[in-house]
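Since every read-out is calculated from the coordinates, none of them should be taken as a lab result. Worth saying up front: this structure is predicted, and the values here are computed from it rather than measured. Virtual Cβ from ideal backbone geometry, glycine too; neighbours counted across all protein chains shown.
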Amino acid sequence: MPEFDTSLPSVRQIQTYIKEKKEVEMKLITNDLHVGKVFWQDSDCICLLDQSDLPILIWRQAIVYLKPKN
């Protein structure tokens, strides 16, 4: 299992989204678009809470982009 490197800028940026409870938009390689708040992250996955507060577990390899909602 790869070590989770918290010094990486991408990991720190996602941590900021978690702390600020910022709503984000996440596009997947399947072309699905998810909107919600990042609940947690680890070296393999990101857990996104949708607008009903239901958790969606998304593998990092499936993400095309993640950006804050305006």
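Which of the residues belonging to segment 22-57 are touching a residue at least 12 places away in the same chain (Cβ under 8 Å) and more than 12 Å from the chain's Cα centre (by Cα)?
Selection gives 29, 30, 51.
Among the residues of segment 49-66, is any among the acidic types (Asp, Glu), surrounded by 11 or more Cβ atoms within 10 Å (Cβ to Cβ) and part of a loop (DSSP other than H, G, I, E, B)? For segment 49-66, residues among the acidic types (Asp, Glu), surrounded by 11 or more Cβ atoms within 10 Å (Cβ to Cβ) and part of a loop (DSSP other than H, G, I, E, B): present.
Total residues in segment 22-48 satisfying the condition of being surrounded by 16 or more Cβ atoms within 10 Å (Cβ to Cβ) and closer than 16 Å to residue 12 by Cβ: the figure is 4. Taken over segment 1-21, the criterion of being under 15 Å from the mean Cα position of the chain (by Cα), exposed (fewer than 10 other Cβ atoms within 10 Å of the Cβ) and outside any helix (DSSP H, G or I) is satisfied by 6 alone. Tallying residues that are assigned to a strand (DSSP E or B) and in contact with a helix residue (DSSP H, G or I) (Cβ under 6 Å, 6 or more places away or on another chain) within segment 22-43 yields 4.
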